[in-house]
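Some notes on the structure that comes next.
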Amino acid sequence: MAPLKVGMCPALTAEVLDSLRNSGIKTVLDYVCMDLELMITKCNVSYKDLVAIRKVLLAQYSAFPVRGDSWYEEILSTMAILSTGNSRLDDLLDGGIFTGELTELIGAPGSGKTQICMSIAVHVASRLQQNILYIDTTGACSGHRLQEILQTSAGYKEATPTALSRIGCRKIFDPFQLLDLLDKTKAAISKQDDPFYSKLKLVIVDSVAAVIAPTLGGLQTEGHAIMLNVSRQLKALSSEHAIAVLMTNNVVHGGSGDPWPGLGRSWQHVPNTRLLVRGAGTPDAQERDMVVLKSSRLPRYLSTTLKLTTGGILDLHTHMDQEEQGQLEGPIRNS
């Protein structure tokens, strides 16, 4: 909490401040939490001045309640739903990835989490024409693969360099570098002087486990604090700036065999939505099951099946192009 300083209010003079500090009242929290009757017995300040100081401090530092309808209108005005580029996945997620929320993909190595992330990044950059910050912590993000997904997927008529320029990839291999990047990202968004950050709508962290897991366990005592700090930064970034955050994580299995996200119990409640990515168990090795494990909107264990191809998971553009083509060709055929 902020320390008490001269000038916070007219009654808080240097003499009054010294008297308060000598009584052990050094911060705003110390002041507002202490009973005024007790405070007047400890320091040589008039009751009238103590009341005046308290009113000013409460007005400056208290969190005032917000009406529910006003809060709801603010959410509606800032929220957006980003399509993933796959009709089945959009249906599973009730429209797509929500801004202001954290969405997590968990799965075993090689399950296709990175391919899904890159496919979504290509769709958001090309079809939705929004910017993406792709934080790569494993070295798995490939510019060649992004270009392959873009060129293989029919319907993206925009020049490849223009679309790919909307995807900013940052390779991070240290949790402190990740925290620093998140801080700089929030600052850049607030300043609004960089065109890239002014249209930033999606942040992908692939993967959170790769940078946090090495700091957990053994004799390391700061790993848990680092993990909680990362979660706070991601939540602040998404909620304060209306940005969608997509993360990947490892999967572990409990005693009952149920899948759980990596990084322990403290991480389980961090994402708003969690999906399990796993093999579909069919003869087609490219098929993947997507299962809802956590969501405030969706039933648990709701699932769908996707197919990983050279064009990623994208299929929405094909339907959209057919509709657009029909709308253009319709008048010609009827004439």
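Scanning region 218-252 for residues that are open to solvent by 10 Å² or more (accessible area, probe 1.4 Å), in contact with a helix residue (DSSP H, G or I) (Cβ under 8 Å, 6 or more places away or on another chain) and within 16 Å of MET79 (Cα to Cα) returns ALA236, GLU240, HIS241, ALA242. If you go through region 120-127 one residue at a time, do you hit one that is within 21 Å of VAL208 (Cα to Cα) and part of a loop (DSSP other than H, G, I, E, B)? Within region 120-127 (the criterion being within 21 Å of VAL208 (Cα to Cα) and part of a loop (DSSP other than H, G, I, E, B)), the answer is no, since none of the residues qualifies.
Only a single item in (1) more than 15 Å from the chain's Cα centre (by Cα); (2) crowded, with 23+ Cβ neighbours inside 10 Å is not met by LEU105, and it is number (1). Taking every residue in region 274-297 that is closer than 30 Å to GLY100 by Cα and touching a residue at least 40 places away in the same chain (Cβ under 8 Å) and pairing it with any residue that is surrounded by fewer than 21 Cβ atoms within 10 Å (Cβ to Cβ) and of a type in the set (D, E, K, R), at least 6 positions away or on another chain, the pairs with Cβ-Cβ distances below 7 Å are ARG274/LYS294; ARG278/ASP289; ARG288/ARG278; VAL292/ARG300; LEU293/ARG300; ARG297/ASP94.
So, in region 5-16, of the ones that are in a loop (DSSP other than H, G, I, E, B) and of a type in the set (Val, Ile, Thr), which residue ends up surrounded by the fewest Cβ atoms within 10 Å (Cβ to Cβ)?
Let us first name the residues in region 5-16 that are in a loop (DSSP other than H, G, I, E, B), namely 5-13.
Filter once more, so that each one left must be of a type in the set (Val, Ile, Thr): 6, 13.
Working: VAL6: 12, THR13: 14.
The qualifying residue surrounded by the fewest Cβ atoms within 10 Å (Cβ to Cβ) is VAL6.
Scoring LEU38 on the criteria (1) open to solvent by 10 Å² or more (accessible area, probe 1.4 Å); (2) closer than 28 Å to LEU275 by Cα; (3) over 19 Å from the mean Cα position of the chain (by Cα) leaves a single failure, condition (2).
Just checking: which of the helices (runs of 4 or more DSSP H) contained wholly in region 17-117 hold 3 or more residues that are at pLDDT 90 or above and in contact with a strand residue (DSSP E or B) (Cβ under 7 Å, 6 or more places away or on another chain)?
Working: elements: 28-33, 36-42, 47-61, 68-78, 87-92.
Once the helices (runs of 4 or more DSSP H) in region 17-117 are filtered for at least 3 residues that are at pLDDT 90 or above and in contact with a strand residue (DSSP E or B) (Cβ under 7 Å, 6 or more places away or on another chain), what remains is 87-92.
Among residues of region 220-241 that are among the charged types (D, E, K, R) and modelled with pLDDT under 95, those with a beta-carbon under 9 Å from a residue that is part of a helix (DSSP H, G or I) and open to solvent by less than 90 Å² (accessible area, probe 1.4 Å) at least six positions away or on a different chain give the pairs GLU222/THR215; GLU240/LYS186; GLU240/ILE189; GLU240/SER190.
Scanning region 59-92 for residues that are open to solvent by less than 10 Å² (accessible area, probe 1.4 Å) and closer than 15 Å to VAL245 by Cα gives a single hit, THR84. What's the number of the condition VAL251 fails, among (1) in contact with an Asp or Glu (Cβ under 8 Å, 6 or more places away or on another chain); (2) touching a residue at least 12 places away in the same chain (Cβ under 8 Å)? Every listed condition holds for VAL251 apart from (1).
The values are calculated or read from the model by the stated rules, or taken from the named source; none is laboratory data. Being a predicted model, the structure only gives us computed values, none of them experimental. As a convention, Cβ positions derive from the backbone with ideal geometry for all residues, glycine included, and neighbour counts pool all protein chains shown. Accessible surface areas use protein heavy atoms only, side chains included; no ligands, DNA or RNA. Shrake-Rupley method; radii C 1.70, N 1.55, O 1.52, S 1.80 Å.
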